[in-house]
Amino acid sequence: MNFKIIETERLFLRPVLETDVQDFFELDSNPKVHIFLENKPVKTLIESEAMVASILQQYKTYGLGRLVLIDKVTNGFIGWSGLKYEENLRKEFSYYDLGYRLKEQFWGKGYATEAAIASLNYGFSILKLQEIGAAADVNHIASNSILNKIGMPFIETFEYKGELCNWYNLKKPSL
Ligand SMILES: CC(C)(COP(=O)(O)OP(=O)(O)OC[C@H]1O[C@@H](n2cnc3c(N)ncnc32)[C@H](O)[C@@H]1OP(=O)(O)O)[C@@H](O)C(=O)NCCC(=O)NCCS
């Protein structure tokens with residue numbers, strides 16, 4: 001995989017490495033991180049190894065995948081954001097999904113918004129995607145506010161595992 005590292009004002013977005021497992025575990029073992037993600041925080045490092053492996057597999061299969069967010073000042077792991085080829089969320093179709101997940105101590109500082117904007121730009125300009133989708137539980141105020149703020153058009157609601165979600169889809173902006 002030959003990703004360029006993406007740079008924003010405060011962040012680097014770099015490919016996931018096998019050595020990130022411990023940070024993924026710290027992120028995903030926090031129940032608060034999983035409130036709108038089916039409430040299933042991980043309990044073992046093995047689950048985080050599987051998560052890292054699935055992202056590395058996305059890189060190989062689709063040439064894209066979630067990227068780790070690094071604080072440019074401290075070099076520390078903040079979380080992940082970026083794109084994923086999503087085959088399981090919508091029953092009717094697969095799509096390129098924009099997502100983000102941050103360690104709790106980094107919430108509320110605008111990092112997810114900053115990473116999401118960079119991910120959209122990367123998807124359209126470098127990967128030449130035609131459209132990018134995103135989904136958020138209707139009650140997830142932070143995520144819906146990010147998607148509105150970055151200009152993702154709301155399309156419809158849909159149900160996923162008994163939860164009502166908002167569906168957003170942005171077409172590649174024409175020049
Ligand atoms: C969702 C998540 C990524 C947000 O990250 P973040 O860096 O805190 O987000 P940002 O700071 O960029 O933006 C959050 C926005 O939501 C707003 N917001 C958050 N909680 C809010 C609330 N309860 N009421 C009103 N607005 C709220 C913030 O004010 C901010 O908007 P603003 O920039 O206009 O002030 C983070 O909380 C997270 O990782 N959660 C766990 C994983 C997750 O749920 N991922 C998304 C699944 S769809």
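FYI, it's all coordinate maths here, none of it is from the lab. Since the structure is predicted, the reported quantities are computational estimates derived from the model, not experimental observations.
Taking every Cα-Cα distance in segment 1-62 and sorting them into 5 Å bins from zero, the calculated P(r) comes out as 4, 17, 20, 21, 20, 14, 4 percent. Computed 3J(HN,Hα) for segment 49-56, one whole-Hz value per residue from the Karplus formula 6.51 cos²θ - 1.76 cosθ + 1.60 where θ = phi - 60°, is 4, 5, 5, 4, 4, 5, 5, 4, glycine and proline marked x. Counting every C-alpha pair in segment 6-134, the share spaced more than 27 angstrom apart comes to 14%.
Extension gain, Ile141-Leu127: 0.36 nm per intervening residue step, less the Cα-Cα distance, totals 2.1 nm.
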